[in-house]
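The values are calculated or read from the model by the stated rules, or taken from the named source; none is laboratory data. This structure is a prediction, so every number in the text was calculated from the model and none was measured. Using ideal geometry, Cβ is built from the backbone for each residue, glycine included, and neighbour counts are taken over all protein chains shown.
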């Protein structure tokens, strides 16, 4: 499967602002990239990148006063299959969990599982351990939380989502993670590109959040917003919750002036040369005209 993905983001600052950008694909992405999956930023922004403790590729810049355009455009060639289903996947006893997984049992900034323990056990304590329990949690969140961009706010916690019953995709993920951790199931936050591949058109593109749980010796993907296996996920970031992987972490004020994301399946069998030629024009067919920019690997 070939998927073209990328973004255009314009920000405006009144003074120099250091920023951390979680806008690249994850270092563990399984697939072949055609083109350059890099964050383009103005030459003067001193852009450079590093890999954090979660394996995320983070770009550092200093946005200068005025307008700054950030952008990326690439094609990935990968299997793009629907999320793996394993109904027999068992839950581990805590004593059997690998050391590196244990931190995903603990409360975190937005996944305040300690505030939801009694509710989680009251609602899901009678379900079968393992995959069926996670499915029950995902179904509950999907059925009881209403999606809407106007419901989102930067500091919303899982317990607030539970009581308000509204949110954006990150809130669906946070509440699901908190319930899982409250029931001793390791769970972590994930985000990336998810286009309308194999499903009806759902509106303008955006980044999407989901979550992963550790069962039977490996991590599995679940998505409480859609509550159905989806094809073509392109992983960008992982963390304990969204605090670890904010799209833009700024150390000063800025205004978001423009935001556009695309994730489109393209014709299979195209040669690398044809794909690189395609990437010379923007996805809407307009000429590729951007400010002078540095490529950050």
Task: Which listed residue is surrounded by fewer than 21 Cβ atoms within 10 Å (Cβ to Cβ) and either assigned by TED's automatic domain parsing to the domain that holds residue 168 or closer than 19 Å to residue 180 by Cβ (or both), from 217, 239 - done: 217
TODO: Return the only residue of 126, 132 being part of a loop (DSSP other than H, G, I, E, B), assigned by TED's automatic domain parsing to the domain that holds residue 197 and either farther than 30 Å from residue 255 by Cα or at pLDDT 95 or above (or both).
DONE: 126
Task: Where a residue in region 258-283 is farther than 19 Å from residue 195 by Cβ and its partner, wherever it lies, is part of a strand (DSSP E or B), with Cβ under 6 Å and at least six apart - done: 258/10; 272/34
- [ ] Identify all residues within region 147-164 that are over 19 Å from residue 190 (Cα atoms), surrounded by 15 or more Cβ atoms within 10 Å (Cβ to Cβ) and in contact with a strand residue (DSSP E or B) (Cβ under 9 Å, 6 or more places away or on another chain); write none if there are none.
- [x] 151, 160
Open item on the list: Just to be sure before I move on: is residue 138 touching a strand residue (DSSP E or B) at 6+ places or on another chain (Cβ under 6 Å), part of a helix (DSSP H, G or I) and more than 15 Å from residue 211 (Cα to Cα) in the structure I sent?
Closed with: no
- [ ] Would you please name the residue that is surrounded by the fewest Cβ atoms within 10 Å (Cβ to Cβ), looking only at residues in region 54-99 that are without any contact (Cβ under 8 Å) to a residue 40 or more places away in the chain and within 25 Å of residue 36 (Cβ to Cβ)?
- [x] 58
Task: Every residue from region 7-37 that is part of a strand (DSSP E or B) and within 21 Å of residue 254 (Cβ to Cβ) - done: 7, 8, 9, 10, 11, 12, 13, 17, 18, 19, 20, 21
